[in-house]
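Notes follow the structure.
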């Protein structure tokens, strides 16, 4: 039988506000335990939540960027359960009326086609704290620094049909939230993570199969592996006569398997009800319009513009707009260079990205800036150096931090364009290789490459390739 | 006349005129508290050192000439308000040793006004009760008859002010917890509009109903003290950003032309005949001064009690989840595991009535019951609010008894929660609709040779505190009921 996979993702994006969603505590990562938890975060008797307006504006940004409806009135609800890292005994979230509903996002699939993934909703909520089970000699420690950190939970429709599609969608959301500057996207620190709802069904069947929810996946690779494992497990289970049970599972990256999670409570009845401490969240047209006016150019629009104005390919435009920083870097290079977008694109996607990847750096952490790269490319354009030499110059720039011109000067890499100097070199090579010259002249055209190599060697690679070609052809012909 | 029977307004005038110092006053009240509080069990914590320090600071302010209308006036706080560095128990074993690290907004504002903190008053545990018998620290006695309850949940505040152990005290009112004890102890007690006073630092029972207020010896005092605690607070999102009127200045508004709506549903078969007589007499006094009285019916009002006992427990079940033995409050000895920690800490820390409400609330919010109970109750709540809104289209205030009977005997209703709940039948409506309401003394009923106070209740439209206070003040200019002091406490 042929099986079809059905996947929906719930992505938790930590909003990049300076303070928490319902208190004035800082949200910075990595502070000593419980140093960023005030009385509100600790759930002290008598304290009350006060909504952070910056978090609301960020949710609206996301909603507008995905063409969603922004609820004029949404409701905060309490999700009640007991756990030591949940100080109040309930999490403030949005349940029946979220702030963002009914959006969508286009993702590019491997075969180059586009697919629209529906976004059911996105709602604001607070994060819980952390339980630390090591180093306490049989006891557990509680760190409430993270308690009250604002999250945007982005819930997709069950529109994805493979782990790869799921990853493509997740990456696209990841790109978008960073473009919008509402989330730093740092997956290691847990700022961007997801739960995957996975089910399988015989191809052609209309009803969904029973799903399992894989919790807390914090890398694209884990998302792909966990879903693939889960799909195999479910198919095997069903074909073996078993039944998938609806449950929450955890992915263990060490063994590459999912397994059932120990339930926090026997029965998951969260007893949601509207939080009486918070008024309904009202967002008026003026707020929405001011947020709309502040939206940056979004990735898809930027890519389309690159294709239109720079005549880049769909692929290049997609790669360059995958992060806002990369796109800005590229655009700055083109601007400084005064054109030559294809050259700039090749260098940004090639040498530049390669160097970043080698050292696991973000664009913002790059050792050379866009001006410097444009300076290098200018020397290719004006024939001062060849593309090949430019790569050498780039390496030096990366390591030494000097400008292209300084390196070209210091290392004497300036291209030789003086015709007489090139001719002299050609003459020497011909004189030193009489045998090859005779063979060439008797019809062995392939030896042309040999002569190019020899002349380049004699000029330390600095001879202008086009000039060299032309002069050499003429001289060899006799 | 002795110092302790004076009103806050009279004490403030005496302080300003330097007839006595705040320290004199404070020592006087502390002496009375030491002598008389134990038999009433009105206080959980007496803050003598703090009171003396506050008094000295007040006297300096008065000497400098920058005293406000409340500078140097002693007060007490219900032990539901967090007080920085002072134990705040909510009369629960759960918080018996809890020292709050901050001041509630109400505490902060009264302190900024220069009041002197005498102590924290006893109450029903977590404000859940109508007789002050659910306190972990034992029941409070009614100074009018030590065999009887003072009402609840602000019973300690009521007993303390009625017995002249403090000139005024704060209270909170979720379903009548200021007004019913005021009625049962012959005090003026006002519950303002929901959102008028910040709830920050007031330990939550039912967040959508809880409102802070004050118990005093006169409407004028209520105006003074309410003025000092009201107003916007950024720390409470449900606290309304609307200007606070000058309550004291508006006390002079005459009764002539006042349109009174007599609440038909409040004169039902459960109403004690003596209480009814006193209330009708009081209405006659107002009528004689030029008020018009028409009968008004609020058909949804009889559903108040069942509605309240869904909404309030639902919110309480969630609000009290934070008391889990992890970060503060009672923690059981040697928990075996997490579940044991929760079960024993909460099992030991909460009393029977609190547990009953947590269980009720958990039940009505549970999957499968939510629609039938919680959602239904919210719909009825909206109907009740609409009934009130309609009534206020034609009348300025609604009037009726505060409680169906005068103070009952200790233990009389503790075995039957439903009978106890029905004590709040006339007060709960205002909480459900978020309306301001006041109870003022209007006479006495005799029972077993004792004179027991009766309260008259006035309910106003949203932010109608001024009118409630002025009507009460005008009534008090014509009557002497509010000046009566229980025998033995003169």
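The values are calculated or read from the model by the stated rules, or taken from the named source; none is laboratory data. All figures in this text were calculated on a predicted structure; none of them were measured in a lab. Glycine also receives a Cβ, built like all others from the backbone with ideal geometry; neighbour counts cover every protein chain displayed.
Brief remarks follow.
- For the stretch B:359-373, the tally of residues that are under 16 Å from residue B:208 (Cα atoms) and within 26 Å of the chain's Cα centre (by Cα) stands at 1.
- For the stretch A:59-73, a residue qualifies if it is within 24 Å of residue B:236 (Cβ to Cβ) and buried (at least 24 other Cβ atoms within 10 Å of the Cβ), and exactly one does: A:59.
- Flag if residue A:45 is within 14 Å of chain B (Cβ to nearest Cβ), farther than 25 Å from residue A:179 by Cα, in a loop (DSSP other than H, G, I, E, B) and free of Cβ contacts under 8 Å to residues at least 12 places away in the same chain: yes
- All helices (runs of 4 or more DSSP H) inside the stretch B:381-490 with 3 or more residues being closer than 20 Å to residue B:298 by Cα: B:428-433
- For the stretch A:392-415, the set of residues classified as crowded, with 18+ Cβ neighbours inside 10 Å and within 23 Å of residue A:455 (Cβ to Cβ) consists of A:393, A:408, A:413, A:415, listed by residue number.
- The listed residue being crowded, with 19+ Cβ neighbours inside 10 Å, in contact with a strand residue (DSSP E or B) (Cβ under 7 Å, 6 or more places away or on another chain) and on the phi > 0 side of the Ramachandran plot, out of B:72, B:114: B:72
- Filtered residue count, the stretch A:57-100, keeping only those that are more than 12 Å from chain B (Cβ to nearest Cβ), farther than 24 Å from residue A:157 by Cβ and touching a strand residue (DSSP E or B) at 6+ places or on another chain (Cβ under 9 Å): 0
- The stretch B:201-216 residues that are within 7 Å of another protein chain (Cβ to nearest Cβ), paired with ones that are crowded, with 24+ Cβ neighbours inside 10 Å and part of a strand (DSSP E or B) (beta carbon under 8 Å, 6 or more apart): B:201/B:81; B:202/B:81; B:202/B:172; B:202/B:212; B:203/B:81
- Flag if residue B:317 is in contact with a helix residue (DSSP H, G or I) (Cβ under 9 Å, 6 or more places away or on another chain), within 14 Å of chain A (Cβ to nearest Cβ), buried (at least 16 other Cβ atoms within 10 Å of the Cβ) and in a helix (DSSP H, G or I): yes
- Among (1) surrounded by fewer than 24 Cβ atoms within 10 Å (Cβ to Cβ); (2) more than 13 Å from chain A (Cβ to nearest Cβ); (3) more than 28 Å from residue B:409 (Cα to Cα), the one test that residue B:195 misses: (2)
- Per the listing B:91, B:131, the residue uniquely touching a helix residue (DSSP H, G or I) at 6+ places or on another chain (Cβ under 8 Å), within 14 Å of another protein chain (Cβ to nearest Cβ) and assigned to a loop (DSSP other than H, G, I, E, B) is B:91.
- When residue B:382 is tested against (1) crowded, with 18+ Cβ neighbours inside 10 Å; (2) within 28 Å of the chain's Cα centre (by Cα), only condition (1) is not met.
- For the stretch A:13-22, taking the residues that are more than 10 Å from chain B (Cβ to nearest Cβ) and in contact (Cβ under 8 Å) with a residue 60 or more places away in the chain, the one that is nearest to the chain's Cα centre (by Cα) is identified as A:13.
- Members of the stretch B:144-192 found to be surrounded by fewer than 24 Cβ atoms within 10 Å (Cβ to Cβ), more than 17 Å from residue B:218 (Cβ to Cβ) and either in contact with a helix residue (DSSP H, G or I) (Cβ under 9 Å, 6 or more places away or on another chain) or modelled with pLDDT under 95 (or both), listed by number: B:146, B:148
- Given (1) in contact (Cβ under 8 Å) with a residue 40 or more places away in the chain; (2) over 46 Å from the mean Cα position of the chain (by Cα), index of the condition residue A:414 fails: (2)
- Breaking point among (1) within 14 Å of chain A (Cβ to nearest Cβ); (2) touching a helix residue (DSSP H, G or I) at 6+ places or on another chain (Cβ under 6 Å), for residue B:347: (2)
Matching residues to (1) more than 27 Å from residue A:128 (Cα to Cα); (2) surrounded by 19 or more Cβ atoms within 10 Å (Cβ to Cβ); (3) not assigned by TED's automatic domain parsing to the domain that holds residue A:110:
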{"position": "A:239", "(1), (2), (3)": "yes, no, no"}
{"position": "A:250", "(1), (2), (3)": "no, no, no"}
{"position": "A:261", "(1), (2), (3)": "no, no, no"}
{"position": "A:271", "(1), (2), (3)": "no, yes, no"}
{"position": "A:277", "(1), (2), (3)": "no, yes, no"}
{"position": "A:285", "(1), (2), (3)": "yes, no, no"}
{"position": "A:313", "(1), (2), (3)": "yes, no, yes"}
{"position": "A:321", "(1), (2), (3)": "yes, yes, yes"}
{"position": "A:325", "(1), (2), (3)": "yes, no, yes"}
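- Those residues of the stretch B:369-379 which are more than 9 Å from every other protein chain (Cβ to nearest Cβ) and either in contact with a helix residue (DSSP H, G or I) (Cβ under 7 Å, 6 or more places away or on another chain) or outside any helix (DSSP H, G or I) (or both), in sequence order: B:369, B:373, B:377
- Conditions (1) touching a residue at least 60 places away in the same chain (Cβ under 8 Å); (2) in a loop (DSSP other than H, G, I, E, B); (3) at negative phi: number failed by residue B:177: (1)
- Lone unmet requirement of (1) within 30 Å of residue B:346 (Cα to Cα); (2) not in a strand (DSSP E or B) for residue A:112: (1)
Residues checked against (1) in the same structural domain as residue A:63 (by TED's automatic domain parsing); (2) within 20 Å of the chain's Cα centre (by Cα); (3) surrounded by fewer than 16 Cβ atoms within 10 Å (Cβ to Cβ):
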{"position": "A:127", "(1), (2), (3)": "yes, no, no"}
{"position": "A:132", "(1), (2), (3)": "yes, no, yes"}
{"position": "A:138", "(1), (2), (3)": "yes, no, yes"}
{"position": "A:144", "(1), (2), (3)": "yes, no, no"}
{"position": "A:172", "(1), (2), (3)": "yes, yes, no"}
{"position": "A:181", "(1), (2), (3)": "yes, yes, yes"}
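- Counted residues, the stretch B:100-122 - those being within 14 Å of chain A (Cβ to nearest Cβ), closer than 26 Å to residue B:151 by Cβ and part of a loop (DSSP other than H, G, I, E, B): 2
- Here residue B:342 clears all of (1) surrounded by 15 or more Cβ atoms within 10 Å (Cβ to Cβ); (2) more than 10 Å from every other protein chain (Cβ to nearest Cβ); (3) more than 20 Å from residue B:308 (Cα to Cα) except the condition numbered (2).
- Matching residues, the stretch A:24-40, being in contact (Cβ under 8 Å) with a residue 24 or more places away in the chain, within 14 Å of chain B (Cβ to nearest Cβ) and out of contact with any strand residue (DSSP E or B) (no Cβ under 9 Å at 6 or more places or on another chain): A:40
- Lone qualifier among A:77, A:55 - being touching a residue at least 40 places away in the same chain (Cβ under 8 Å) and either surrounded by fewer than 21 Cβ atoms within 10 Å (Cβ to Cβ) or closer than 30 Å to residue A:321 by Cβ (or both): A:55
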